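Down below is the structure, laid out as structure tokens.
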Amino acid sequence: MTQRVSIAIEDFSVRIHPLWANRWFLLTSGDFAAGHFNTMTVAWGSMGTMWEKPFVQVVVRPVRYTYEFMERYDSFTLSAFPSEHRDTLLFLGARSGRDSDKIAESGLTPIASSRVAAPGFAEAELIVECRKVYWQDMDAAHFLTPEIERHYPERDYHRIYFGEVLAIWGDQAQYCAR
């Protein structure tokens, strides 16, 4: 298990693109206490400031099982893992929670979050807890470069969710500004 501590939002510092593109996250939504939640691997998103609040932006296609949880619940978490969990993230991104208990099969341990109903994972080295504040369906008519469309051969455009960051847990040495 990774040792995590609370990181003040104003001290949080990461190399954003490598974290999303190379490390990936588990996006988890639902209610840990009720035992009703799902997770999926995500590699597209952003972090920053919007409406004077720290935010995370994630995208989920409507065909994904996690979409149902994102629609039903008001919170989500993003969990990043050490590199030895790469195969686990591949597994969780390829399997649907509709068909099996993929989280149990993955061997990861869901844990309660400090500020939101959605869980994080004991094995994560970073957990970002978010409350949904906005959503918007992606509109292909607004793509300004044609190569974006190649990501949507089925025209299954993402729903975009913005979450206000309420808490961050991680390794201070790795995720705090120096």
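We did not get these values from a lab; they are worked out from the coordinates using the rules stated. Not measured: the values here are computed from a predicted model. Methodologically, a virtual Cβ is constructed for each residue, glycine included, from the backbone with ideal geometry; neighbour enumeration extends over all protein chains shown.
Regarding Leu108, is this residue assigned to a loop (DSSP other than H, G, I, E, B), farther than 22 Å from Glu164 by Cβ, in contact with a strand residue (DSSP E or B) (Cβ under 6 Å, 6 or more places away or on another chain) and not hydroxyl-bearing (Ser, Thr, Tyr)? Answer is yes for this residue.
Condition check for Phe91 on (1) of a type outside the set (A, V, I, L, M); (2) more than 20 Å from Val5 (Cα to Cα); (3) buried (at least 18 other Cβ atoms within 10 Å of the Cβ): one failure, at (3). Taking Arg98 as the residue in question, decide whether it is more than 16 Å from Trp24 (Cα to Cα), of a type in the set (Lys, Arg) and out of contact with any Ser or Thr (no Cβ under 7 Å at 6 or more places or on another chain). Criteria met by Arg98.
Taken over the range 31-80, the residue count meeting the criterion of being within 19 Å of Gly97 (Cα to Cα) and not in a strand (DSSP E or B) is 18.
For the range 118-127, the criterion of a residue being free of Cβ contacts under 8 Å to residues at least 12 places away in the same chain, of a type outside the set (Val, Ile, Thr) and assigned to a loop (DSSP other than H, G, I, E, B) is satisfied by no position.
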